[in-house]
Amino acid sequence: MRRQTTLVLGVLVIVFLGGVMMTSIGSTTQKITPQDVAEDDFGGEVVKVEGVINSEVRMGDTITFQLAGNRSMANESVAKSDFDLDKAAHVQVVYEPQGSTPATLQEGRRAIVTGEVRDGVVYANQVTVDAHGSQSSESS
């Protein structure tokens, strides 16, 4: 009887751990580029979009800017000066901060934006800006 109880408990633990692993695998945020947003359908998905801020950053209650980039820019060893950002894909970012915004949030900075894609626009809940090799982060 004791052996059967141990076996049942062992199976339950394995099933529980398998369920936890499947849940965490399904909830990971996919890292993409503005080119991916422009070419694929990510509507309703939460993603991380990496690129370079390629427009004036309009500040107010809502912050808006364009993020430019392509798949080869995702390679961190390649300098942003090696890319023609005007020919790269662009995605509009709308961000409603819940506090102060990073001082480094300006045109020409590499950024990672986490948010939901709706109609080709990323509605961000987190913006991380590269400040000369270090990352400044602002979350809402």
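Under 5 Å from the amide H of ARG118 lie the amide H atoms of GLY44, TYR123, each residue being 5 or more positions distant or on a separate chain, with H modelled from the backbone and absent for Pro and chain starts.
Please arrange THR33, THR6 by how many other C-beta atoms lie within 10 Å of their C-beta, fewest to most.
Details: THR33 24, THR6 10.
Sorted ascending by nearby Cβ count, the order is THR6, THR33.
Annotation: the residues PHE42, PHE16, sorted from fewest to most other C-beta atoms within 10 Å of their own C-beta, follow the order PHE16, PHE42.
Fewest to most neighbouring Cβ within 10 Å: what's the order for ASP40, ASP61, ASP130? Please list the in-between numbers first.
Numbers: ASP40 11, ASP61 6, ASP130 18.
If I rank by nearby Cβ atoms, fewest first, I get ASP61, ASP40, ASP130.
Every read-out reported here was derived from the displayed coordinates using simple, explicitly stated rules and does not represent laboratory data. Keep in mind it's a predicted model, so treat the numbers as computed, not measured. Virtual Cβ from ideal backbone geometry, glycine too; neighbours counted across all protein chains shown.
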